[in-house]
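The structure under discussion appears below in the form of C-alpha cells.
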Amino acid sequence: MPLIAHPSDPSLTPRRTFLQRLAAASAMLAGATPAIADAQQAKAPADPWLAKVTAKHRQVFDAPEHNSGFPAVFAATYLRTMTESYQLAPGGAHAIVVLRHWAMPMALTDAVWNKYAIGSMFDVTDPATKAPARRNIFWKPNEGDVPFPQFSIEKVMAMPATFVACGLALTVLSARAAAKAGVDAATAKREWEAGIIPGITVVPSGVLAVARAQEHGCSYCYAG
C-alpha cells in the first residue's frame, strides 16, 4: 500500500507555503481591482464639449481639410436625413465636426483670416475678389462663396451641431503664419486662440477629439 504523507510532514512545508502565498496574493489582487478601476475612472479627463451630446443618434465628422466647406455640409446632411427619414423628435440626432490639421483655420474669425492671410496660406480663393480670401468664407459665406451656403458653419452650429478645433494644429499653424504677420509665435498663438469662432471649442488635438467622440458612442465619417 502506498504511503500517504501526513499533513504535518516537513517535506510538505515549502509547497504549502507557496500555495498559501499564491492564494493570499490572488485575494489581494482581486480586492484591489475595483479600487484600481475606480482610480482610473477618477482620472479620466472631463470633456465639457461632449457633455451636451446626449442624442441617441450621433456621428463625428473627421475633417483634416477644408474640402470646400463640405465638413459642415456632411454634418447638416446627416442631421436632416436622420431626422426626416426616421421621424426623430427635435434633438434626436447630433453631429460633431472635428476641424483638425489643415481644416483648423475654418474655426477662425474674419479678423484672423485677414491679419494672417489665411486664404493665401491654405489656397482659399474669395469668389468675389478672385484673390486669396481675407475672410472666413466657410463661417458666414456670401452667395456663391461655397457650394451650399445654407450649410455654413454658422448655420450648422445652430441645427445644432458641435464644432471643435485642434489645439495642436492651432499652435503649429499660427507659428508658421506669425512672421508674415509681423509678430512672434507666442503672439500669433494668443491671437488665434482669441479669434476662435464663438461656440467652437479648442481641444488638445483633433485626433484625440475623434477618439473621444467615438468612445462617447459616435459613429465615424471622414469629412475631409
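For residues that are over 16 Å from A63 (Cβ atoms), touching a strand residue (DSSP E or B) at 6+ places or on another chain (Cβ under 9 Å) and open to solvent by less than 40 Å² (accessible area, probe 1.4 Å), tally how many sit in the stretch 136-194.
Selection size over the stretch 136-194: 2.
Of the residues in the stretch 195-224, how many are open to solvent by 70 Å² or more (accessible area, probe 1.4 Å) and within 18 Å of K52 (Cβ to Cβ)?
3
Just checking, which of A30, A95 is modelled with pLDDT of 95 or more and either surrounded by 19 or more Cβ atoms within 10 Å (Cβ to Cβ) or over 25 Å from the mean Cα position of the chain (by Cα) (or both)?
A95
Only one of these conditions is not met by E65: (1) assigned to a loop (DSSP other than H, G, I, E, B); (2) in contact with a helix residue (DSSP H, G or I) (Cβ under 8 Å, 6 or more places away or on another chain); (3) open to solvent by less than 30 Å² (accessible area, probe 1.4 Å). Which number is it?
(3)
Would you check which residues across the stretch 164-179 are small (G, A, S) and within 16 Å of the chain's Cα centre (by Cα) and list them?
Matches in the stretch 164-179: A165, G167, A169.
Please indicate, with yes or no, whether at least one residue in the stretch 79-89 is out of contact with any His (no Cβ under 6 Å at 6 or more places or on another chain), in a strand (DSSP E or B) and modelled with pLDDT of 95 or more.
No: zero hits.
Please go through the stretch 98-113 and give me each residue that is crowded, with 22+ Cβ neighbours inside 10 Å and outside any helix (DSSP H, G or I), ordered by number.
Listed by number, the residues that qualify are V98, L99, R100, L108.
Filter the stretch 114-135 down to residues that are closer than 17 Å to C166 by Cβ and assigned to a helix (DSSP H, G or I) and give me whichever is least open to solvent (accessible area, probe 1.4 Å).
I118
The values are calculated or read from the model by the stated rules, or taken from the named source; none is laboratory data. What you see is a predicted model, and the numbers here were worked out from it, not measured in a lab. FYI the Cβ positions are ideal-geometry reconstructions off the backbone, even for glycines, and counts take in every protein chain you see. SASA here: full protein model, heavy atoms, side chains in, ligands and nucleic acids out. Shrake-Rupley method; radii C 1.70, N 1.55, O 1.52, S 1.80 Å.
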